[in-house]
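Before any comments, here is the structure.
The values are calculated or read from the model by the stated rules, or taken from the named source; none is laboratory data. Everything quoted here is computed from the prediction, not taken from an experiment. Note that we place each Cβ from the backbone using ideal geometry, even for glycine, and neighbour counts take in every protein chain shown. In case anyone asks, the SASA skips ligands and DNA or RNA and just uses the protein heavy atoms, side chains included. Shrake-Rupley method; radii C 1.70, N 1.55, O 1.52, S 1.80 Å.
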Amino acid sequence: MKLLPVFIGIVLGVSVSWAQTVKQTVQGRIVDAQSGFPLLGVNIIVLNTDPLLGAVTDAQGYYTLRQVPLGRQTLKASFIGYEEQVIPNVVVTSGKEVVLNLELAEQVLMGKEIVITAAPEKTVTNNELTTVSARSFNLEETGRYAGSRNDPARMAANFAGVAANNDDRNDIIIRGNSPSGLLWRLEGINIPNPSHYGSLSASGGPISLLNYNLLDKSDFLTAAFPAEYGNALAGVFDLQLRSGNHQKREYLGQIGVNGLELGIEGPFAKKSKASYLASYRYSTLGVYKSVGLNFGTGAATPEYQDVSFKIDLPTAKSGRFTLFGIGGKSNVDLISSTESSGALYGTEFTNDYANYRTGIAGLSHLYYFSPTLYYKLSLAASRQEEHLYRDSLSAIDKTPIPTGKADYENNKYSAHLLLNKKFSARNNVSGGVILDLYDFDLANRRIVPGQERVIRNTEGKSLLSQLYLQWQLRFTDRITLNSGVNYQYFEVSDSEVWQPRAGLQFQLTQKQTLGIAYGQHSQIQPLDIYFVRTMLPDGSVAETNRNLDFTNSQHFVLSYDRSLTSNFRMKVETYYQKISGAAVERNPSSFSLLNAGVDFEPINQDSLINGGEGENYGLELTLEKFYSKGYYFLITTSLYSSQYKGSDGRWHSTAFDGGYVGNILGGKEFRIGRKDNTFSIDVKFTASGGNRYTPIDYTRSAELGYEVRQDALAFSESLERYLRADVKLSYRINARRVTHEFALDLQNITDRQNEFARIYNPRSNTVQTQYQIGFFPVPQYRITF
């Protein structure tokens, strides 16, 4: 708490020192929501300005609003034959121009004209084919919410149906599913785990590779998603990178928990619409360590750095080339022989050395054959490296004894071809092909003297192919049917599957919407699982997991959304998910890959078959007051059950069956001194059921000298409930052509000791409780100019 007086002193001191009267430019592009073709002649105005500020889009859909007052502004876009759109809470600052791109939906007229009330921007996703269980988010939300650490995954944990009760990783549990059921997509390409220290088979990690300063409005989906999304059981992050400012060069500097960051964007030339955007970050966790703050790695200091970029090159006929990429490397040495207690990673019995590298680069081309027909081709290459080395420590003098080594490398070459045809305001059809070619080299082995074993040692290539077709039929402005089908084929196991999807949305009144959706979703197993080696009785070796088929899931969702006022809504969703073909052991046991991601250890089970089942169901409530009159709040509650059946034929709770999760967050913005300087307080409180675990068989463990769990009681017990409160203080100062932002995120402000795990100690035959991060203040400074 010693940082709080310093923060307040900086806020008060700087607020007195700057006083300038400045205005800013708002610019962007407006296109048809179904075809993406630019709209000429759209009127866009800034409400509540005198004289009224307005502009009209040109032939390429671009508009520019100049001399816009600083602060939160409301814009309105209108065009004959299209649904009017009102965009509230556009934050205008002095240090950076606002780039706001919009999509307008064409009206379907049935006899007399129907008046459509524009929905709040957060309820309208980029993907027009979503019916239920979907929400958009933007840069401001990712940076504003207390406790989110500027991370899209941690931010999404505030939404209904999502649990994330792990302070040190950003893995998210969607409706009781394993975190590995999540699909990450960037600029239309399916990408590997975008996290520092993120393993090959995981979907998250301690630090995100994704830089929120480069994100555009993006989508988060949790069930029954459209047919273009394959190879996912639980949810989808469909991320978009924003384009750089094509009118003016701008700079960004930032320092915080995610590192020291430098960014630049601007046009390639005057009068050119071509732009670039780039950012570089370098770890600053060494500074936190020096002042005694614990972030879960004991005495070790993680090191990481990353770079992100996007180049946007418009062409004739409203087409464009886009080049984009993200990449990073990270490493940490967890030396338990010299370690103090309090580390979440590693144990007091081992030394662990970890090195990771991830890189993604892509090129896309968009071309319009006509205003209603376009194609988009995206090509990308990605690489993941994971190098791990472990020593066990002598019980006598902690002498390191080599135990295990893993070297994983996976190159993936991806292509996504999309063809979209808008036949009318009623009918829009799209289809495509997605190809992911895996080029892998996977090797890991146990090297304990006398217990040597090669667990994996393979290299090769394999193709995951997808075809999809989607159709949107708008019977009226109030009734929409979204349907489609996805086909997948995986070369390793020679497996194929067809996946139908359908969703129907009814706008009952101007304030009430009912949605119902069904989807079948299938996913391959984590790549490294297929190549686990089995020693056969005759001494030969076989890869007994190689024939594993897809795991399949059926989603059923019913949704009701009601606008209580223009800025306040209630949403209720209920769902049922049936899972079949889950990977379980051939011999009777409680093991199931539906529990993958419960801890940091790799999964090395062999002799797996697709004989398992799963079942998730629940009820979710969202109450949300969108930002207006200087404040907002979001209340989400989820009640759920998550069960699975292993090859033992018994139903068990999954590791993620917490039963409930609730979030209350909100914020208030105050004007300090001049009206364009603001001080904000954001708060968050989370409560959720604890993760489940399998109790120890102490008698058997003492006999064998290592941990033995009671398989018949798999995940029958749970950790204590997870409770956490966060408070974030921030101050924005608008000087002339520069904006300064100071923030102090006081995470776990009550210093509650939430349980992380219960670790077995073979030397004392006892269990030790490992706790998560305590009070953790996160200061941040950001400058744009």
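Being open to solvent by 10 Å² or more (accessible area, probe 1.4 Å) and outside any loop (DSSP other than H, G, I, E, B) narrows it down to one residue among Ser201, Ser180; which is it?
That would be Ser180, the only listed residue that is open to solvent by 10 Å² or more (accessible area, probe 1.4 Å) and outside any loop (DSSP other than H, G, I, E, B).
If a residue has to be buried (at least 22 other Cβ atoms within 10 Å of the Cβ) and modelled with pLDDT of 95 or more to count, how many in the range 310-346 make the cut?
Qualifying residue count, the range 310-346: 4.
Select from the range 295-309 the residues that are open to solvent by less than 20 Å² (accessible area, probe 1.4 Å), at pLDDT below 95 and assigned to a strand (DSSP E or B) and list them in ascending order.
Listed by number, the list holds a single entry, Tyr304.
Any idea which of Gln466, Gln470 is under 22 Å from Val497 (Cα atoms), at pLDDT 95 or above, touching a Leu at 6+ places or on another chain (Cβ under 6 Å) and not hydrophobic (A, V, I, L, M, F, W, C)? Before the answer, list the steps.
Details: Gln466 fails: touching a Leu at 6+ places or on another chain (Cβ under 6 Å).
Going through Gln466, Gln470 in turn, the sole match is Gln470.
Mind listing whichever residues of the range 645-666 are farther than 30 Å from Thr142 by Cα, in a strand (DSSP E or B) and not charged (D, E, K, R)?
Trp651, His652, Ser653
Which number in (1) closer than 30 Å to Val22 by Cα; (2) at pLDDT 95 or above; (3) open to solvent by 30 Å² or more (accessible area, probe 1.4 Å) marks the one condition that Asp682 misses?
Unmet for Asp682, out of (1) closer than 30 Å to Val22 by Cα; (2) at pLDDT 95 or above; (3) open to solvent by 30 Å² or more (accessible area, probe 1.4 Å): (3).
Of the conditions (1) open to solvent by 60 Å² or more (accessible area, probe 1.4 Å); (2) over 30 Å from Phe656 (Cβ atoms); (3) outside any loop (DSSP other than H, G, I, E, B); (4) of a type outside the set (Asp, Glu), Arg758 clears all except one; give me its number.
With respect to (1) open to solvent by 60 Å² or more (accessible area, probe 1.4 Å); (2) over 30 Å from Phe656 (Cβ atoms); (3) outside any loop (DSSP other than H, G, I, E, B); (4) of a type outside the set (Asp, Glu), Arg758 is out only on (2).
Across the range 742-755, what is the number of residues that are among the charged types (D, E, K, R), touching a Phe, Trp or Tyr at 6+ places or on another chain (Cβ under 8 Å) and either modelled with pLDDT of 95 or more or part of a loop (DSSP other than H, G, I, E, B) (or both)?
1
Show the residue pairs that are 6+ apart or on different chains and have beta-carbon atoms under 6 Å apart, the first residue being within the range 245-256 and over 25 Å from Ala743 (Cα atoms), the second being open to solvent by 70 Å² or more (accessible area, probe 1.4 Å) and not in a strand (DSSP E or B).
Filtered contacts from the range 245-256: His246/Lys273.
Out of Val132, Val124, I need the residue that is surrounded by 18 or more Cβ atoms within 10 Å (Cβ to Cβ) and either out of contact with any strand residue (DSSP E or B) (no Cβ under 8 Å at 6 or more places or on another chain) or modelled with pLDDT under 85 (or both). Which one?
Val124
Can you find a residue that is within 21 Å of Glu491 (Cβ to Cβ), crowded, with 19+ Cβ neighbours inside 10 Å and of a type in the set (Gly, Ala, Ser) anywhere in the range 414-422?
Yes - at least one qualifying residue is present in the range 414-422.
Have a look at Ser272, Ser279 and point out the one that is farther than 30 Å from Val767 by Cβ, touching an Asp or Glu at 6+ places or on another chain (Cβ under 8 Å) and either at pLDDT 80 or above or not in a loop (DSSP other than H, G, I, E, B) (or both).
On the way: Ser272 fails: touching an Asp or Glu at 6+ places or on another chain (Cβ under 8 Å).
Every option except Ser279 fails the conditions.
Of all residues in the range 629-640, which are open to solvent by 20 Å² or more (accessible area, probe 1.4 Å) and either in a strand (DSSP E or B) or of a type outside the set (D, E, K, R) (or both)?
Matches in the range 629-640: Tyr631, Phe633, Ile635, Thr637, Leu639, Tyr640.
So Asn231 fits all but one of (1) at pLDDT below 90; (2) surrounded by fewer than 24 Cβ atoms within 10 Å (Cβ to Cβ); (3) in contact with a strand residue (DSSP E or B) (Cβ under 6 Å, 6 or more places away or on another chain); what number is the exception?
Just one mismatch for Asn231, condition (1).
Mind telling me which of the residues Ser607, Ser563 ends up being of a type outside the set (Val, Ile, Thr) and under 30 Å from Glu386 (Cβ atoms)?
Details: Ser563 fails: under 30 Å from Glu386 (Cβ atoms).
Just one listed residue meets the conditions, Ser607.
Looking for whichever is open to solvent by less than 10 Å² (accessible area, probe 1.4 Å), at pLDDT 95 or above, out of contact with any Lys or Arg (no Cβ under 9 Å at 6 or more places or on another chain) and within 26 Å of Leu100 (Cα to Cα) here; the options are Ile174, Ile189. Which one fits?
Sole residue among the options that is open to solvent by less than 10 Å² (accessible area, probe 1.4 Å), at pLDDT 95 or above, out of contact with any Lys or Arg (no Cβ under 9 Å at 6 or more places or on another chain) and within 26 Å of Leu100 (Cα to Cα): Ile189.
Residues to consider are Phe685, Phe670, Phe715; find the one that is outside any strand (DSSP E or B) and within 27 Å of Asn158 (Cα to Cα).
Working: Phe685 fails: outside any strand (DSSP E or B); Phe670 fails: outside any strand (DSSP E or B).
From the options Phe685, Phe670, Phe715, the qualifying one is Phe715.
Can you tell me which residue is farthest from Tyr389 (Cα to Cα) among those in the range 424-447 that are of a type in the set (Gly, Ala, Ser) and surrounded by 21 or more Cβ atoms within 10 Å (Cβ to Cβ)?
Ser430
Under 6 Å between Cβ atoms, which residue pairs at least 6 apart in sequence (or on different chains) link something in the range 359-381 that is open to solvent by less than 30 Å² (accessible area, probe 1.4 Å) with a partner that is in a strand (DSSP E or B) and of a type in the set (A, V, I, L, M)?
Once the first residue is open to solvent by less than 30 Å² (accessible area, probe 1.4 Å) and sits in the range 359-381, its partners that are in a strand (DSSP E or B) and of a type in the set (A, V, I, L, M) give Ile360/Ile326; Gly362/Ile189; Gly362/Ala380; Ser378/Ile189; Ala380/Ile189.
I'm told Gly690 meets every condition in (1) in contact with an Asp or Glu (Cβ under 6 Å, 6 or more places away or on another chain); (2) crowded, with 21+ Cβ neighbours inside 10 Å except one. Can you identify the failing condition by its number?
(2)
I'm told Asn166 meets every condition in (1) modelled with pLDDT of 90 or more; (2) in a loop (DSSP other than H, G, I, E, B) except one. Can you identify the failing condition by its number?
(1)
Taking only pairs six or more apart or across chains, which ones have beta-carbon atoms under 7 Å, a first residue in the range 677-704 that is in contact (Cβ under 8 Å) with a residue 12 or more places away in the chain and farther than 19 Å from Gln768 by Cα, and a second residue that is aliphatic (A, V, I, L, M) and part of a loop (DSSP other than H, G, I, E, B)?
From residues that are in contact (Cβ under 8 Å) with a residue 12 or more places away in the chain and farther than 19 Å from Gln768 by Cα, the pairs are Thr678/Ile672; Phe679/Ile672; Asp682/Ala146; Val683/Ala146; Lys684/Ala146.
Quick one: Glu707 ticks every box in (1) open to solvent by 30 Å² or more (accessible area, probe 1.4 Å); (2) out of contact with any helix residue (DSSP H, G or I) (no Cβ under 8 Å at 6 or more places or on another chain); (3) not in a strand (DSSP E or B) except a single one, so which number is it?
(2)
Among the numbered criteria (1) of a type outside the set (Val, Ile, Thr); (2) modelled with pLDDT under 95; (3) open to solvent by less than 30 Å² (accessible area, probe 1.4 Å), which one does Leu39 miss?
The failed condition is (2).
Failed condition for Thr739, given (1) assigned to a loop (DSSP other than H, G, I, E, B); (2) buried (at least 19 other Cβ atoms within 10 Å of the Cβ), with all others met?
For Thr739, the failing item is (1).
Which residue pairs have Cβ atoms under 7 Å apart, sit 6 or more places apart or on different chains, and have a first residue in the range 474-495 that is more than 30 Å from Pro526 (Cα to Cα) and a second that is of a type in the set (Val, Ile, Thr) and assigned to a strand (DSSP E or B)?
Hits for this filter: Arg474/Thr480.
If you check every pair at least six apart or on different chains, which have Cβ atoms under 6 Å apart with a residue in the range 572-585 that is open to solvent by 10 Å² or more (accessible area, probe 1.4 Å) first and a residue that is outside any strand (DSSP E or B) and not aromatic (Phe, Trp, Tyr) second?
That search, which allows pairs on different chains as well, returns Tyr575/Ala223; Gly581/Asp549; Glu585/Ser647.
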